[in-house]
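Encoded as structure tokens, the structure appears first; notes follow it.
Nothing in this text is a laboratory measurement; each read-out follows from the coordinates by a stated rule. From a predicted model like this one, the values you see are computed outputs, not experimental measurements. Cβ: placed from backbone, ideal geometry, glycine included. Neighbour counts: every protein chain shown.
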There are 2 protein chains.
Amino acid sequence: MTMAWFRNLKKLSLTKPPLRSTNPHPFLPSTFLLSHFSSHPIPDAAAEAAELSRPPGLGPTVSGEKPRVVVLGSGWAGCRLMKGLDTSIYDVVCVSPRNHMVFTPLLASTCVGTLEFRSVAEPIGRIQPSISREPGSYFFLANCTSVNTDEHSVQCETVTDGLNTLKPWRFKLSYDKLIIALGSQPLTFGIHGVKEHAIFLREVYHAQEIRRKLLLNLMLSDVPGISVEEKRRLLHCVVVGGGPTGVEFSGELSDFIIKDVTQRYAHVKDYIQVTLIEANEILSSFDDRLRHYATKQLTKSGVQLVRGIVKDVKPQSIILNDGSEVPYGLLVWSTGVGPSPFVNSLEVPKSPGGRIGIDEWLRVPAVEDVFAIGDCSGFLESTGKQVLPALAQRCQDFIATIFGY
Amino acid sequence: MTMAWFRNLKKLSLTKPPLRSTNPHPFLPSTFLLSHFSSHPIPDAAAEAAELSRPPGLGPTVSGEKPRVVVLGSGWAGCRLMKGLDTSIYDVVCVSPRNHMVFTPLLASTCVGTLEFRSVAEPIGRIQPSISREPGSYFFLANCTSVNTDEHSVQCETVTDGLNTLKPWRFKLSYDKLIIALGSQPLTFGIHGVKEHAIFLREVYHAQEIRRKLLLNLMLSDVPGISVEEKRRLLHCVVVGGGPTGVEFSGELSDFIIKDVTQRYAHVKDYIQVTLIEANEILSSFDDRLRHYATKQLTKSGVQLVRGIVKDVKPQSIILNDGSEVPYGLLVWSTGVGPSPFVNSLEVPKSPGGRIGIDEWLRVPAVEDVFAIGDCSGFLESTGKQVLPALAQRCQDFIATIFGY
């Protein structure tokens, strides 16, 4: 996409001095238009009129049209399903506030520059190209706000973050099959200040914020006029939660300190510290031997492991349940996930943990044509299955069995 | 920097089920600390006391220390100078609100994804590694607020954008040689609304903002419930200023539309339009033949060229001097550059255009040990030289002659 002709042009121009000062009649290209927008392509007028007369949204599909699969969410489960969907049989409409899938296990590596952000995000349009090309398939940057299972429709609202010139608007989508793949959201246990002052590690913009803050703190801590105490606070990276995310991120941070900070921020290298705070034990779902190993490795690489429960989060420090105050410059919160308010609001039977209850075919019982997959779903106790394995990996079987091919 | 051991650990853990539920005594690693911060390295106490007793900043160098070169700015000129400086002879201290150099000619390509942002930004610490390692060399993330040439010192203030927990603070730097390399800033000609609603194209964050807005508009324009008129507005990309930046960016945009939008945003491809507005002629400092060529190429690739002067910038439209209103979804402003308020505030003789006046040795006359280089400087009329060629390229000669090697 580089403009080779313009690059050449610039090169040429250096070999010949500009003629402007000797040219009394400035050049006026004949292509300069006097009226604006005249070159806008005019879409078919009838189609345009039809578009305006319809209520906002996509109405029920009619005979002759492909059945419409509406997918809520663009995480592992939703994307796996869309990727496998046969778009010669179905139209697919994805509704999500995020236009890409995040390869979450590698997100921690992007915070310190090991990986580039682009490397861990895959556009939905590349996962399922039909959504950007087929006339009946779409990606809508929006949140689903309610589901009407009787009417077979969902109500949505656009996401217009940061566009102060544009108010969000609502629209309705009719579905033939509805796939709820809305994932989960970080748990804060109602602790005051977490949302305001801590950074989660679930989205690309979280990783960007962490990287930005880390580098800013490293630079500011080197500026004259800062006290040693404040320098230590700025460079204290606190990770709350010793699950895989917290452990991986702590490890990446300590690698960054050992390999990069000592080289690139040598003046302040003795002031930086990583602390991992966990209420119980780190990697609690893994076995003893592995926990021991992780503990040894983290400690060896300089990560301070602290057992404690966070009681309060202030702008520059956290308070633990033993009353001690821990100053921080960067606070990353990864204490597990739970259902989103939207999932909580759905009036359907839930599985343990508040997930959307599903039967062994991933169907939401008692309503027609509604399925739930991935982290937002769990097998109902009546199925006799363990709650958890309704994971993205199951989607392929699911597609094959439910969608009949 | 990847944590191979942890990846292995995760793999291992899959081969063996977690033992947690069968283990009544949770594992408590002995390395969990009860007191916090005990593992903080304690810097030398005397050094610490000395640091606190000094007024914030770097005082005059004393006999036995290397002379200190303070460089204000981290653009082409400042970076070229720092790169060439012999740090075995001089200590170098760079003061800039930006910790990297931007390869500006390629910035337009990053707006549409042709290049990654990282590819056009080079950290100062990589350009001159001494600033992150040598005891007397530093990079300070700050702005210079005033120069005291009698005292041989500059007053600075830290940049703490986005760190709401930290107020900026001031510090003083003594210099042996001062290099002012502060560049220029975009001209808005006092037109109302430019700073609020238009995006410049000078920094990496500008390019990021342009890319973000472009993609957001593309996605929103495809959501049901939007009128055709609003769709056209959202997808109208207006570039004001037909210099090299505006022309290059318009070309990149049209390439993006031809190659990417038609594929990835096929539903809305007929509604997107690029308009380049210029008061006179595009590429006015280049010769006729090249202007003709550029005009032909831009027109061929669908860019609408409009001759006009912008009178007012509103949140969703601009008003031209003929009274016509041009709605836009993205507005990029590149109408040239001029001196910054700081350069204006300096009470030194100026060259035409408000640049810091310099003699043929790039010295600021009448004051000692102060030099100005790059876009912020211009030869004084008394030198008999053309104003302009005090460019970054001159730095090498400059270093060789002024700094005596």
Review point. Which of the residues that make up segment A:191-202 are outside any strand (DSSP E or B) and either in contact with a Cys (Cβ under 6 Å, 6 or more places away or on another chain) or within 14 Å of chain B (Cβ to nearest Cβ) (or both)?
Key: A:Gly193, A:Glu196, A:His197, A:Ala198
Practice item. Identify all residues within segment A:269-280 that are at the interface with another protein chain (Cβ under 7 Å from one of its Cβ atoms) and part of a loop (DSSP other than H, G, I, E, B); write none if there are none. Key: A:Asn280
Point to revise | Verdict on B:Ile199 being among the hydrophobic types (A, V, I, L, M, F, W, C), touching an Asp or Glu at 6+ places or on another chain (Cβ under 8 Å) and under 21 Å from B:Gly183 (Cβ atoms) | key: yes
Exercise for review: Would you please name the residue that is farthest from A:Thr245 (Cα to Cα), looking only at residues in segment A:297-313 that are assigned to a helix (DSSP H, G or I) and more than 8 Å from chain B (Cβ to nearest Cβ)?
Suggested key: A:Lys300
Check your understanding: Looking at (1) more than 24 Å from B:Leu166 (Cβ to Cβ); (2) more than 24 Å from the chain's Cα centre (by Cα); (3) facing chain B (nearest Cβ under 10 Å); (4) part of a loop (DSSP other than H, G, I, E, B), which is the one condition that is false for A:Leu283?
Key -> (2)
Exercise for review: Mind counting the residues in segment A:210-227 that are without any contact (Cβ under 8 Å) to a residue 12 or more places away in the chain and assigned to a loop (DSSP other than H, G, I, E, B)?
Suggested key: 5
**Study point:** Inter-residue pairs, beta-carbon under 8 Å, first more than 8 Å from chain A (Cβ to nearest Cβ) and touching a residue at least 12 places away in the same chain (Cβ under 8 Å) and in segment B:228-256, second among the charged types (D, E, K, R) and not in a helix (DSSP H, G or I), 6+ apart
**Key:** B:Val240/B:Glu278; B:Gly241/B:Glu278; B:Gly242/B:Glu278; B:Gly242/B:Glu281; B:Gly246/B:Glu278
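One line per residue, one yes/no per condition, for (1) exposed (fewer than 15 other Cβ atoms within 10 Å of the Cβ); (2) β-branched (Val, Ile, Thr):
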residue	(1), (2)
B:Asn321	yes, no
B:Val326	no, yes
B:Val332	no, yes
B:Pro339	no, no
B:Ile358	no, yes
B:Leu362	no, no
B:Gly378	no, no
B:Ser382	yes, no
Exercise for review: Please determine, by comparing only the residues of segment B:233-255 that are assigned to a helix (DSSP H, G or I) and within 17 Å of B:Leu220 (Cβ to Cβ), which one is farthest from the chain's Cα centre (by Cα).
Suggested key: B:Arg233
Check your understanding: Within segment A:138-167, how many residues are in contact (Cβ under 8 Å) with a residue 24 or more places away in the chain and in contact with a His (Cβ under 9 Å, 6 or more places away or on another chain)?
Key -> 1
Review point. What are the residues in segment B:242-290 that are charged (D, E, K, R) and either in contact with a Cys (Cβ under 9 Å, 6 or more places away or on another chain) or more than 23 Å from B:Val326 (Cβ to Cβ) (or both), if any?
Key: B:Glu252, B:Lys259, B:Asp260, B:Arg264, B:Asp287, B:Asp288, B:Arg289
Review point. Does B:Ala207 qualify as being away from chain A (no Cβ under 12 Å) and either crowded, with 17+ Cβ neighbours inside 10 Å or part of a helix (DSSP H, G or I) (or both)?
Key: yes
